[in-house]
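Chemist: One structure, as structure tokens, below. Some questions next.
FYI, it's all coordinate maths here, none of it is from the lab. Given the structure is predicted, the values throughout are model-derived calculations rather than measurements. All Cβ positions, even for glycine, are placed from backbone atoms using ideal geometry, and neighbour counts span all protein chains on display.
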């Protein structure tokens, strides 16, 4: 990490630390204030969760996971949903990683209805692309976890995830088809792993 990067990350972590102090009482705050805090934390942690440094990614993942456990799936989806079809690929990629962390933390079934809606019903190709990226990133996270601990939490959801992706293999947009192929490849790989 270069010096500017380190300074930026240090400032972000200081701001996140201030927001984390609010965790114990976060659900006592009015809904809009709670959402504002969660959105701010997501903005601050996005550079961490997509960074190449494993330690930064782990810290960012822990932060998103802690906030997810505190505020629950509905608030997390509501806050992150606005970034699904953003024109900026950086924002969409951050949203996909964040959604995958939330799904890994709170359970894949909690996010399946949203993934179906995004991948099957949303018109902007950016939204469908992000939905498939979410599935791809969930699968990668869960595969890594499975290999580390020797169990496969994604196995019961493989069919549902494949059904979400399958129609996008023939999507009119090449970027959507490409990420759908990559996601299907990882899902197929995970299906073949024996524990």
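Chemist: Output the 0 to 90 degree angle, nearest 10, between the alpha-carbon long axis of helix 125-149 and the longest principal axis computed from the alpha carbons of the chain.
Modeler: 80 degrees
Chemist: Past the 30 angstrom mark, what percentage of all C-alpha to C-alpha distances in the chain do you count?
Modeler: 20 percent
Chemist: Kindly express, to the nearest 10 degrees and within the range 0 to 90, the angle between helix 54-71's C-alpha long axis and the longest C-alpha principal axis of the chain.
Modeler: For 54-71 against the chain, the angle is about 80 degrees.
Chemist: What percent does the relative contact order of segment 154-195 come to when contacts are Cα pairs within less than 8 Å and at least six residues apart?
Modeler: 40 percent
Chemist: Right, something else. Using only helices, what value at 222 nm comes out for the chain when you add -39,500 (n - 2.57) per DSSP H run of length 4 or more and divide by the total residues, to the nearest 500 deg cm²/dmol?
Modeler: The per-residue figure over the chain is -24500 deg cm²/dmol.
Chemist: Express the relative contact order of the chain as a whole percentage, based on alpha carbon pairs under 8 Å and six or more residues apart in sequence.
Modeler: 16 percent
Chemist: Please give the residues of segment 101-117, grouped as numeric ranges, whose backbone N is less than 16 Å from a label point set 7 Å along the Cα-to-Cβ vector of residue 65.
Modeler: 101-108, by backbone N distance to the label point.
Chemist: Kindly list the residues of segment 68-96 that lie in the label zone of residue 144, defined by a backbone N under 16 Å from the point 7 Å along the Cα-to-C-beta vector.
Modeler: 94-96
Chemist: Any idea what angle helix 31-49 forms with the longest principal axis of the chain, computed on alpha-carbon atoms, 0 to 90 degrees, nearest 10?
Modeler: 70 degrees
Chemist: Residues of segment 26-57 with the amide nitrogen closer than 15 Å to a label point 7 Å from the Cα of residue 78, along Cα-to-Cβ, please.
Modeler: Zone members listed by number: 26-40.
Chemist: Rounded, prolate or oblate: pick one for segment 1-93, where a ≥ b ≥ c are the square roots of the eigenvalues of its C-alpha gyration tensor, a/c under 1.5 means rounded, and failing that, prolate if a/b is larger than b/c, else oblate.
Modeler: Because a/c hits 1.5 or more and a/b fails to exceed b/c, segment 1-93 counts as oblate.
Chemist: In segment 108-195, how does Rg compare with the Kirkwood Rh, expressed as the Rg/Rh ratio over alpha carbon atoms?
Modeler: Here Rg/Rh amounts to 0.98.
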